[in-house]
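Data block below; observations after.
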Amino acid sequence: MENCIFCALAEKRLKPWLVLESDNCLAFLDSNPVAPYHTLVIPKAHFDNMLDVPVPVLQDVTELIHQVCQLYTQKLGIDSYQIFNNSGPHSAQTVNHLHFHILPRFEGDAIKFYATRMPELVKQYPEMLDKLK
Ligand code: 5GP
Ligand code: ZN
């Protein structure tokens, strides 16, 4: 897709800080990292996010995520990862080409996730689950 920065990286119109590549996916270092080896894994084909990606593409992405984690553990001894995806306008998605973050975590790092919890929601779970029927 024209004007998509990750398509430009996938098509090598721009040079990625390449970590690993498979037939259909690419893993490269994030240009504004939260931690050392903060990595993004994308399909080479353009999908906006989790809402339009077909499952087989997601399987390819997952396989490369697994390979990256294995590589970092074997080569660098990293033993902890957070793997996440932002999909949609209220999710902090800033690049509208599906990507998963692999964020290595280190003892004592200062990264804060789950800043807010809403335990009061638990009592609404019966109605919430009913809406899925
Ligand atoms: P999001 O907030 O959409 O989940 O994450 C987008 C990520 O892409 C951010 O962590 C951002 O630093 C990274 N990013 C944005 N543009 C580029 C780029 O041109 N190259 C690389 N390597 N990463 C990028
Ligand atoms: Zn794209």
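Here, each number is a calculation from the coordinates, and none is a lab measurement. The structure presented is a predicted model; accordingly, all values stated were derived computationally and were not measured. We place every Cβ from the backbone using ideal geometry, glycine too, and count neighbours over all the protein chains shown.
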message: Tell me the residue from Thr94, Thr39 that is crowded, with 17+ Cβ neighbours inside 10 Å and either under 17 Å from Ile5 (Cα atoms) or more than 17 Å from the chain's Cα centre (by Cα) (or both), please.
response: Thr39
- line: Sole miss for Asn3 among (1) away from ligand 2 (no atom under 13 Å from the Cβ); (2) surrounded by fewer than 13 Cβ atoms within 10 Å (Cβ to Cβ) is condition (1)
task: Only residues in the range 12-36 that are in contact (Cβ under 8 Å) with a residue 12 or more places away in the chain count as the first member; pair them with residues that are of a type in the set (D, E, K, R) and assigned to a strand (DSSP E or B), Cβ under 9 angstrom, at least 6 apart or cross-chain, and list the lot.
output: Ala27/Glu21; Phe28/Glu21
- prompt: Can you name every residue in the range 37-66 that is of a type in the set (A, V, I, L, M, F, W, C), touching a residue at least 12 places away in the same chain (Cβ under 8 Å) and away from ligand 2 (no atom under 16 Å from the Cβ)?
  reply: Leu64, Ile65
- request: Return yes when Asn24 is within 16 Å of ligand 2 (Cβ to nearest atom), surrounded by 13 or more Cβ atoms within 10 Å (Cβ to Cβ) and of a type outside the set (Ser, Thr, Tyr) and no when it is not.
  value: yes
